[in-house]
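Peer 1: What follows is a structure written as structure tokens; I'll ask about it next.
The values are calculated or read from the model by the stated rules, or taken from the named source; none is laboratory data. The structure presented is a predicted model; accordingly, all values stated were derived computationally and were not measured. All Cβ positions, even for glycine, are placed from backbone atoms using ideal geometry, and neighbour counts span all protein chains on display. Calculation scope for accessible area: heavy atoms of the full protein, side chains included, ligands and nucleic acids excluded. Shrake-Rupley method; radii C 1.70, N 1.55, O 1.52, S 1.80 Å.
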Amino acid sequence: DFFKDSLPVADLYILARILHDWTDERCIELLCRIYKVCKSGGAVLLVEALLNEDGSGPLTAQLYSLNMLVQTEGRERTGAQYAALLAASGFTNIQHHLTGKIYDAVLGHKET
């Protein structure tokens, strides 16, 4: 249980299709736990289906978001929304990259 169990110390944490299951509050809780054990100069990489900033698509991400609303507490988010979660948890120099595929990437750094 990554909300209760000890997390390993590492340089990079990869959360692939994890945060979309949870509320903003639970995401920040998990990201804060990761920030605390992340090595100085390390990072967290989020792999998620990013919504357009205006929520207009892509259709696949919108359908995933509908599914998350029905089955979990979560939802799909925009790059800016993931950046806000990372920033609220202490991460800086946050970047997101649209891959043109189903999943995109968001990277946040822990300063040295």
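Peer 1: Checking the structure you have, find out if any residue of the range 27-50 is in a loop (DSSP other than H, G, I, E, B), at negative phi and either surrounded by fewer than 20 Cβ atoms within 10 Å (Cβ to Cβ) or in contact with a helix residue (DSSP H, G or I) (Cβ under 9 Å, 6 or more places away or on another chain) (or both).
Peer 2: For the range 27-50, residues in a loop (DSSP other than H, G, I, E, B), at negative phi and either surrounded by fewer than 20 Cβ atoms within 10 Å (Cβ to Cβ) or in contact with a helix residue (DSSP H, G or I) (Cβ under 9 Å, 6 or more places away or on another chain) (or both): present.
Peer 1: Here's something else I'd like to know. Yes or no: Asn93 open to solvent by 30 Å² or more (accessible area, probe 1.4 Å) and either of a type in the set (Gly, Ala, Ser) or in contact with a strand residue (DSSP E or B) (Cβ under 6 Å, 6 or more places away or on another chain) (or both)?
Peer 2: So Asn93 passes the test.
Peer 1: Still on this model: Assess whether Ala84 counts as being closer than 25 Å to Asp11 by Cα, under 11 Å from the mean Cα position of the chain (by Cα) and free of Cβ contacts under 8 Å to residues at least 12 places away in the same chain.
Peer 2: Here the answer is yes, as Ala84 does meet what is asked.
Peer 1: Suppose we keep only residues that are open to solvent by 60 Å² or more (accessible area, probe 1.4 Å) and not polar (S, T, N, Q) within the range 65-78. Which one would you say is modelled with the lowest pLDDT?
Peer 2: Leu69
Peer 1: Here's another thing I want to ask about it. Look through the range 1-24, keep the residues that are of a type in the set (Asp, Glu) and under 12 Å from the mean Cα position of the chain (by Cα), and return whichever of them is nearest to Lys110 (Cα to Cα).
Peer 2: Per the stated criteria, the residue is Asp24.
Peer 1: Any idea which of (1) open to solvent by 40 Å² or more (accessible area, probe 1.4 Å); (2) part of a strand (DSSP E or B); (3) among the hydroxyl-bearing types (Ser, Thr, Tyr) is the one Tyr13 doesn't satisfy?
Peer 2: (1)
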